[in-house]
Amino acid sequence: MKKIILFYLGLLLLPVFQSCEEEDDVVTPRPYNSTWVDNATLKFTPAIEDLKAFEYYVEAGANGSQYWNTTDVDFNVTLELGDATASEISKIDIYAFVEETDGENFTYLGGEQGKLYETISNPSDSFVLSFSKDKLEELFKNDFSANHNGQVATDDIFEFKWVITGKDGSVVDSRVDCFGFNCTYGIGTNVIDVAPPIWEGTFNYEWTAVTANATIYGRVTVGQTGTMTFTLQPGFFTVYDVSHLTADYYYGSAGTLTYDYESGLVEIQGRYAQKWDIVDVSGPTLTIDFSYQYSAGYDEYGTFTLTRTDGQDWPSNIYTN
């Protein structure tokens with residue numbers, strides 16, 4: 001009897017074991033071969049470090065100008081494809097969208113498809129893409145609200161998405177297939193408060209007083225005239241390159257002038273420890289006492305005037321230490 005019971009128990013359990021084995025066969029996944037589609041994205045890096053946005057300058061002062069200083073920003077773009085290579089890609093289409101600010105309202109322009117900004121055919125692993133304010137303005141001029149007058153405003157934010165098309169016909173469309181920070185890239189405008197270029201230009205000098213030794217060693221005379229050119233250094237708002245710091249005095253040189261717009265302080269730096277002492281500010285004309293490292297030992301002193309040629313007056317608070 002015991003053997004019969006075990007026999008029947010075995011028959012009852014047999015379907016269970018068979019079911020488990022059959023189920024295991026069904027759920028075993030097939031091997032998946034990854035393709036470029038699984039990893040495709042673009043990575044953006046500013047071509048010029050720290051230049052990530054358009055730049056709009058607002059000059060200090062009651063009559064300060066406001067203007068676009070940087071309207072084109074270049075980016076190095078890396079095409080990331082995992083183990084695949086760019087030779088497998090046919091083209092990349094870049095699409096633009098914009099979040100427009102209209103008072104307290106925000107409007108997203110471009111719809112679901114965006115506006116085609118640029119197509120890169122047969123791209124390499126890396127390439128340069130330039131974002132242009134003027135090009136974006138042309139794309140969206142008919143979509144902006146009335147207060148934009150068809151122009152980009154400083155608080156507009158542009159978003160870029162892309163469609164990567166492979167030579168095998170596969171497509172990665174970040175407008176619909178992707179979510180997160182690796183699916184878009186944005187650019188806006190930095191509004192930068194700057195000092196007006198007070199010293200920019202070519203101005204006239206005239207020597208009005210010199211000691212005898214200044215004439216001998218410095219090779220300048222009373223009544224001698226000429227020009228001094230001041231050029232704002234790129235990337236700076238208060239530092240100028242100067243063609244000659246001391247009105248062609250022989251023991252002088254080119255150098256730099258630093259101007260603090262808020263305080264009016266003027267500082268110069270060049271060879272021979274040249275020094276200015278601004279003793280008078282009268283409309284377009286500065287009166288400057290000159291000395292340098294050998295002035296005390298050789299009695300070399302002089303005074304020259306520096307007169308603007310642009311019809312403007314010098315700020316009345318200009319001074320030197």
- Note on the structure: Computed ³J(HN,Hα) along segment 66-76: with the Karplus parameters 6.51/-1.76/1.60, θ = phi - 60°, integer Hz and x for glycine or proline, the list is 10, 6, 6, 9, 10, 10, 10, 10, 8, 10, 7
- Message: Run through segment 230-321 and list the chymotrypsin sites (Phe, Trp or Tyr not before Pro) located in a DSSP loop whose Cβ has at most 16 other Cβ atoms within 10 Å.
- Response: F236, Y250, Y294
- Message: Can you give the Rg/Rh ratio of segment 83-157, where Rg is from the C-alpha atoms and Rh is the Kirkwood radius?
- Response: 1.10
- Message: What does the extension gain come out to for Y294 and A153, with contour length at 0.36 nm per residue minus their alpha carbon separation?
- Response: 45.2 nm
- Efficiency of FRET from Cβ geometry, T256 and T287, R₀ 22 Å, rounded to 0.05: 0.55
- Task: Sort I192, I92 from largest to smallest accessible area, using a 1.4 Å probe on the heavy atoms of the protein chains.
- Result: I192, I92
- State, as an integer percentage, the relative contact order of the chain based on alpha-carbon contacts under 8 Å between residues 6 or more apart. 13
- Message: Per residue of segment 283-289, what does 6.51 cos²θ - 1.76 cosθ + 1.60 with θ = phi - 60° give for ³J(HN,Hα)? Whole Hz please, x for Gly and Pro, Karplus curve as stated.
- Response: x, x, 10, 9, 10, 10, 7
- Note on the structure: accessible surface per residue for segment 127-181, probe 1.4 Å, DNA/RNA/ligands not counted, whole Å² -> 52
- Using Cα pairs under 8 angstrom and six or more residues apart, how large is the relative contact order of segment 177-284, in percent? 18
- Message: Given Cβ point charges of +1 (Lys, Arg) and -1 (Asp, Glu) and nothing else, what value in debye, to the nearest 20, does the dipole of segment 54-166 about its Cα centre take?
- Response: 260
- Kirkwood hydrodynamic radius (C-alpha pairs) into Stokes-Einstein, segment 122-266, 10 °C and 1.306 mPa s, D in µm²/s: 75
- So, over other residues within a Cβ distance under 11 Å of D155, counting Lys, Arg +1 and Asp, Glu -1, the net charge is -4
- Note on the structure: The FRET efficiency for T202 and Y319, from their Cβ-Cβ distance with R0 = 25 Å and rounded to 0.05, is 0.65
- Item | Exposure rule at most 10 other beta-carbon atoms within 10 Å, DSSP loop GluC sites (Glu not before Pro): the chain longest free segment | 113-261
- Considering amide H positions built from the backbone, and no H for Pro or chain starts, which residues 5 or more places from T246, or on another chain, come under 5 Å of its amide H? S253
- Query: Counting DSSP beta bridges with both partners in segment 176-321, what percentage is antiparallel, nearest 5?
  - Reply: 95
- C-alpha long axis of helix 2-27 to longest principal axis of the chain, angle in °: 30
- Note on the structure: Residue separation between Y67 and D193 times 0.36 nm, minus their alpha-carbon distance, gives in nm 44.3 nm
- Message: Sequence gap at least 6, Cα distance under 8 Å: using those rules, report the relative contact order of segment 64-192 to the nearest whole percent.
- Response: 29
- Item | Shape of the chain, Cα gyration tensor, a/c cut at 1.5 | prolate
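The values are calculated or read from the model by the stated rules, or taken from the named source; none is laboratory data. What you see is a predicted model; the values in this text were computed from it and never measured. Cβ sites come from the backbone with ideal geometry, for glycine too, and all protein chains shown count toward neighbours. The accessibility values were calculated without ligands, DNA or RNA, using every heavy atom of the protein model including side chains. Shrake-Rupley method; radii C 1.70, N 1.55, O 1.52, S 1.80 Å.
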